[in-house]
1. With unit charges on the beta carbons (Lys and Arg positive, Asp and Glu negative) and the dipole taken about the Cα centre of the chain, which residue among Val30, Ala79, Gln89 sits farthest to the positive side?
2. Name the residue from Trp179, Gly471, His246 whose Cα lies farthest towards the positive end of the charge dipole of the chain, charges +1 on Cβ of Lys and Arg and -1 on Cβ of Asp and Glu.
3. What's the whole-number percent of alpha carbon pairs in the chain lying beyond 44 angstrom?
4. List the lysines whose Cα lies under 25 Å from the Cα of Lys249, skipping any in the same chain that are fewer than 8 positions away.
5. Got a sec? Charge dipole of the chain, +1 on Cβ for Lys and Arg, -1 for Asp and Glu; which of Ala132, Leu303, Ile447 is way out at the positive end?
6. On a straight-distance basis, which aspartates and glutamates could pair with Lys12 in a cross-link, Cα separation under 18 angstrom, same-chain partners fewer than 8 positions away excluded?
7. Please list the equivalent ellipsoid semi-axes of region 17-56, computed as the square roots of five times the alpha-carbon gyration tensor eigenvalues, in descending order and whole angstrom.
8. With just the Cα atoms defining each centre, how far is region 324-371 from region 30-51? Give it in Å.
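Any read-out appearing in this document is the output of simple, stated calculations on the displayed coordinates, not a laboratory observation. In this text, all values refer to a predicted model and were calculated from it rather than measured experimentally. Ideal geometry is used to build each Cβ from the backbone, glycine not excepted, and the neighbour counts take in all protein chains shown.
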Amino acid sequence: MYQDRIRMRALKDRVMSADEAATLVQDGMVVGMSGFTRAGDAKDMPVALAKRAREQPMKITLITGASLGHDSDKALTEAGLLARRLPFQVDATLRSAINRGEVMFVDQHLSETVEFLRAGQFGRLDVAVIEAVAITEDGSIVPSSSVGNSASFAILADKVIVEINLAQPVEFEGMHDIWIPGHRPHREPLPIVNVSDRVGRTTVKIPPEKIAAIIITDTPDSASTVQPADAETQAIANHLIEFFTHEVKRGRMPARLPAIQSGIGTIANAVLTGFLESPFEHLTMYSEVLQDSTFELMDAGKLDFASGSSITVSQPMQQRVFQNLARYRDKLVLRPQEVSNHPEVIRRLGLIALNTALEADIYGNVNSTHVYGTHMMNGIGGSGDFARNAFLAIFATKSVAKGGKVSSIVPMVPHVDHNEHDVDLIVTEQGLADLRTLAPRERVRLIVENCAHPAYRDLLRDYYQDALKYGGQTPHALERAYEMHIRLRDSGSMLPQ
Ligand code: COA
C-alpha cells in the first residue's frame, strides 16, 4: 500500500527495515530527527536506535524540532544513546538524566537551532531522520503533522532516512509552506506580511541520492496530554478577555485582535479555549504548536486562520482533524519552526504572545524552565522567540502550584528566561498586572496585589518593605531573596510552618 507514497521509481529499492537503517547511525554522530511537540516524529527509528545502542553501546548528539512522542526520549535515554540533546524535551526519564548531569541538554530558542547548524557550530549533520507522508516524483519529501526543523535537517544532512507513515493522512500534502532563508549577511527579508501568506514550497527539495533509506511505518502521532480547562484557567482567560475588551474600548488595540501565539501545555491551551465565550471574532493565529483549542475555535467559527509548525492534539481531536483535513485545508499552514518563530515576522505582525511561567518575581522577571533555579523542567521552547518580539508578551500561570505549597509569585526568580524588559503582562487566576510603561518599583504592587495568591501576599509585602531599606532601581534584600525557595526545599512548602 505504500507504493503510491513513493512516487519516484528509483527510490523504491531504498525501502528497508528500521533495524537496517539504524546501522547508518554510528557512534559519535550528530543526528537530526523530525518531531515537534509529539507531532510528525520518527516512529520506528528511535526504537531501532535504542535497540542498537543496547546491543552495542554508542553515543550521539540528537537534535529535533522540539519534543518527541511515543516515549522515544525515554527509550533513547534508557539505552544510554544520548550524549547531547537539544533543543527541547518534555520526557520525565530524559529530564531526570539531564538533572543528574548524564545528558548534556542545550536549552535553545527554537528558531535558532538550524542557524547554529548552518553555521557549522555542531559540526556536520551526519544523518537526518524525517517522517513524511510521501516522496514525490522528483524525490522531494512531503512532511506530515509537523515541519519543525525537518526541512533544514534534510537539506543539511549527509544522509537522509525517510519514514513514510501510512497512518498520517496523505491530505497533508499541500498544507506545508517550506521557506528556507538565504545566507547572511545579505539575507533577503522573510516576505510574510499576513498570517496566511505562503512564501515557499509545499515540499522539501533535496537531491534524491541523499535518501539512503526509506522505512514504512503505520503508527499515529501520540496524542497530547494536556488537561481540560478548569475554573482557574477559565478565570485567567476571563481576565485576559476583560483586558482586551478594555484595550479595544480605549483604542489601543483593533477590535479584530492581532494574531495570537499560544504556548504549549495545559494552561495556554485552556486559556485559548476560554476565548470561545469571548466577544472576539475573526481571530487568527501565528503560532508554533496548534493544540486542541485552535480547532475548537475554528470549528466554532471564531478563528479564521492558523499558521503553525505542528498539530499536537488529543486523541479525540486527532480523529476530528486528521480524518477531515480537507475541511481545514484553506485555514491552515505548517511552516519550519524558524519561520513560525521568526523575530522579523513576529514583530511585523504585532503578535499577542501567550506563554506560561513556572514563576514570576515581583518585578516581572519570568522563570519558565528551572524548578528551584536548578532543575530543568522542559526548556524555553519558542517562548523567548515570541516574547522578545511580540506586540504584547503575556505570561500566564496559576498563582500556586503543588496544592498551594509553591507560590508562582516570588521575590526573585532563581533563573531568568524572560527578563523584565520582555514581559508585558502577568496573569494568574487572581488577576492581571499590566507592566507596560511601569518602572520596577511601580510593578511590585500590581504583581503582588493582583496576581499573587492571598496566602502569600503578606510574605511578599514584608519582603518588599525590607528590600526598600537597601534602595536601588530594583530593590532587593539579597540575603532574603530566596527564602521562599529555601523553605520549599527544606520543608516542602514556601509557607512558614
Ligand atoms: N515550581 C515547581 N513546579 C511547578 C511550578 C513552580 N513554580 N509551577 C508549576 N509547576 C509544576 C506543576 O505542578 C506541574 O507539575 P506536575 O506535572 O507534576 O503536575 C507542572 O509544573 C506543569 O504545570 P501546569 O500548571 O500543569 O502548567 P503547564 O502544563 O501549562 O506547563 C510549563 C507549564 C511552564 C511547565 C510549560 O508551559 C513549559 O514548559 N513552558 C516553557 C516552554 C514554552 O513556553 N514553550 C512554548 C513556546 S510556544
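1. Val30
2. After comparing all options, I get Gly471.
3. Details: 18224 of 123256 pairs.
For the chain, the share of Cα pairs beyond 44 Å comes to 15 percent.
4. The reachable lysines, counting only those whose Cα sits under 25 Å from Lys249, are Lys302.
5. Ile447
6. Asp4, Glu20, Glu131, Glu137, Asp138, Glu163, Glu209, Asp218
7. Details: eigenvalues 69, 27, 15 Å².
In descending order, the three semi-axes are 19, 12, 9 Å.
8. 23 Å
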